[in-house]
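Take a look at the structure below.
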Amino acid sequence: MLKHLFLNRLLWAVTGLLALSAAGTGVLRPGIYDAVVSSELIPGAYSQDLLSVAAGLGLLYLSYAARPDRPKYQIVALGLLGYLFYAYGIYVIERTYNGLYLLYMAVFALSFWAMVTAGSTLDPALRTVSLPRAMRIASASGAVLQPLIFYPLWIVMLLPLMRTGEQIDSLYSIFILDLCFIMPGFLMLSFLTYRNHRTGLLLLPALYVLGFTLIFSLAVGELVKPLFGTVPSQAALLPALALSGLFLVLLILHLAQLRTERPAPESPTAAPSPYPRFTPNRPSS
């Protein structure tokens with residue numbers, strides 16, 4: 001799937017190691033957010049760090065285990081990179097100026113450039129890619145769900161701000177990342193998958209990895225609220241569990257039915273000689 005796999009694996013390993021360092025510090029010392037994150041958002045930061053620890057460990061493993069004949073490992077790695085780009089994009093854009101801010105910027109930048117490197121090293125001639133038609137339609141339809149939910153939701157929230165000119169103090173990064181990057185990605189890869197294009201078939205499950213980790217972190221954020229003296233909200237927990245579960249099911253089914261085959265090498269044939277073949281006369285008996 002990817003050419004120059006060593007370079008890609010190296011970027012995954014470095015990104016995963018830095019993310020593990022940043023997120024592990026946040027999990028062990030959640031007080032680093034006290035001065036830079038409002039108290040009601042600290043459970044969300046804690047849950048995001050928990051998921052980022054898992055993503056960092058996953059990237060470290062995939063940087064070791066990925067091989068040219070394991071394209072599904074590479075797909076999952078791209079999804080984890082997308083999650084780290086989003087998660088640390090929030091910290092960077094929201095100006096989380098604690099002692100780890102430069103590390104947040106490093107993870108944000110490395111995850112972005114690792115995805116750019118992967119996109120530029122996709123080998124279009126390496127494999128033929130196929131997905132059963134029913135699964136292709138189901139996967140493409142599932143990918144449209146997130147834009148259908150979040151485009152109207154975020155735009156409705158933005159319109160009053162646009163009328164009044166009010167500048168909110170937190171979570172404005174979600175509007176930027178979702179409306180400018182994530183939702184267009186879902187729409188484009190959904191269309192390409194529906195059209196049976198190899199890029200959509202290969203990269204849409206990576207977006208499902210991203211979608212699952214992002215939405216599941218919201219569910220975890222509700223579950224860890226008692227650790228910070230607040231009460232979980234069922235109205236927030238259940239939709240997050242349902243949507244993350246949907247993305248996980250689509251991811252598993254898409255990868256299970258995805259077929260990538262290396263084209264059989266053509267047997268070399270000798271070029272025809274421009275001269276007539278000479279066959280000596282056999283002596284008569």
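Every number here is computed from the coordinates shown, using simple stated rules; none is lab data. Not measured: the values here are computed from a predicted model. FYI the Cβ positions are ideal-geometry reconstructions off the backbone, even for glycines, and counts take in every protein chain you see.
Quick check for me: using +1 on Lys/Arg Cβ and -1 on Asp/Glu Cβ, what's the dipole size of the chain about its Cα centre, in debye to the nearest 20?
Here the size comes out at about 1460 debye.
If the viscosity is 0.890 mPa s and the temperature 25 °C, what translational diffusion coefficient in µm²/s does Stokes-Einstein give for the chain when Rh comes from Kirkwood over Cα pairs?
Approximately 117 µm²/s, per Stokes-Einstein.
Only four residue types carry charge here, +1 at the Cβ of Lys and Arg and -1 at the Cβ of Asp and Glu. Report the dipole size of the range 1-142 about the Cα centre in Debye, rounded to the nearest 20.
660
Output the peptides 70-78, 194-202, 174-182 sorted from most to least packed, where packing is the average of other Cβ atoms within 10 Å over each peptide's residues.
Output ranking for 70-78, 194-202, 174-182: 70-78, 194-202, 174-182.
Please list, in order along the range 45-55, the HN-Hα scalar couplings obtained from phi with the Karplus expression 6.51 cos²θ - 1.76 cosθ + 1.60 (θ = phi - 60°), rounded to whole Hz, x for Gly and Pro.
5, 5, 5, 5, 5, 4, 5, 5, 4, 4, 5
I'd like to know which of Met157, Leu246, Thr213 lies farthest towards the positive end of the charge dipole of the range 5-261, counting +1 on Cβ of Lys and Arg and -1 on Cβ of Asp and Glu.
The residue sitting farthest along the positive end of the dipole is Leu246.
Using the Karplus curve 6.51 cos²θ - 1.76 cosθ + 1.60 with θ = phi - 60°, what ³J(HN,Hα) values do you get for each residue of the range 198-203, in whole Hz, with x for Gly and Pro?
4, 5, x, 4, 7, 9
Mean projection of the alpha-carbon convex hull of the range 40-195 over all orientations, in nm²?
Mean projected area of the Cα convex hull: 11.4 nm².
Placing +1 on the Cβ of each Lys and Arg and -1 on the Cβ of each Asp and Glu in the range 5-261, which of Leu179, Gln167, Gly119 has its Cα farthest towards the positive end of the resulting dipole?
With unit charges placed on the Cβ atoms, the residue in question is Gly119.
State the extension gain, in nm to one decimal, for the chain segment bounded by Ala65 and Leu7, taking 0.36 nm per residue of separation less the distance between their alpha-carbons.
19.5 nm
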